[in-house]
Amino acid sequence: MLEVDPLYGMRTLKKLNREDFISAKSIISGLNVQHHFAGAKCLIRRTLPKRLERQETDMMLNELQHNFRFNLYVINTASLRAQDKHHAPARITTPQIQPLQALNAVHDGLSEWKKNNNRKGKNKAAESVTSIDPSLP
């Protein structure tokens, strides 16, 4: 395990050229790791033909070209699944977020989304049909 990457703020991993076999009973969780795009110096190039009505056109789209020569990855500590299992090997600590804080963040995000989505031709955000009692634990 390497250092925390300054760009992503996530711990980096380097893939080794070895295989280890373990019992399935020993697996606690899967980890979400992402290829380290910046550290591996991957490129974005216009190499992907755009398709229209299932046919290729002359227009080219950007396509990510991974460079696996460096075998660098980051532990995706923003993963929503098994957060504690992602944070432990990454050796990072995160503040405990209370349920009401999470709910407020969702509402704040929806408000921002609505503000940015009120332009002509954009779909309107659906109004919430449920409510949550903030006094619930």
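The values are calculated or read from the model by the stated rules, or taken from the named source; none is laboratory data. This structure is a prediction, so every number in the text was calculated from the model and none was measured. Glycine also receives a Cβ, built like all others from the backbone with ideal geometry; neighbour counts cover every protein chain displayed.
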Would you say Arg91 is out of contact with any helix residue (DSSP H, G or I) (no Cβ under 7 Å at 6 or more places or on another chain), exposed (fewer than 12 other Cβ atoms within 10 Å of the Cβ) and on the phi > 0 side of the Ramachandran plot? yes
Residues satisfying the stated conditions in region 20-32, i.e. at pLDDT 85 or above and either surrounded by 13 or more Cβ atoms within 10 Å (Cβ to Cβ) or polar (S, T, N, Q) (or both): Ser23, Ser26
Of the residues in region 43-79 that are touching a residue at least 40 places away in the same chain (Cβ under 8 Å) and among the polar types (S, T, N, Q), the one that is surrounded by the fewest Cβ atoms within 10 Å (Cβ to Cβ) is Asn71
Taking region 104-121 on its own, how many of its residues are closer than 27 Å to Ser135 by Cβ and at pLDDT below 75? 0
Return only the number of the condition from (1) aliphatic (A, V, I, L, M); (2) on the phi > 0 side of the Ramachandran plot; (3) in contact with a strand residue (DSSP E or B) (Cβ under 8 Å, 6 or more places away or on another chain) that Ala82 does not satisfy. (3)
So which pairs qualify, if the first residue must be in region 24-42 and among the charged types (D, E, K, R), the second must be modelled with pLDDT under 85, the Cβ gap must be under 7 Å, and the two must be at least 6 apart or on different chains? Lys41/Asn67
Read through the list (1) surrounded by 13 or more Cβ atoms within 10 Å (Cβ to Cβ); (2) part of a loop (DSSP other than H, G, I, E, B), then give the number of the only condition that Asn17 fails. (1)
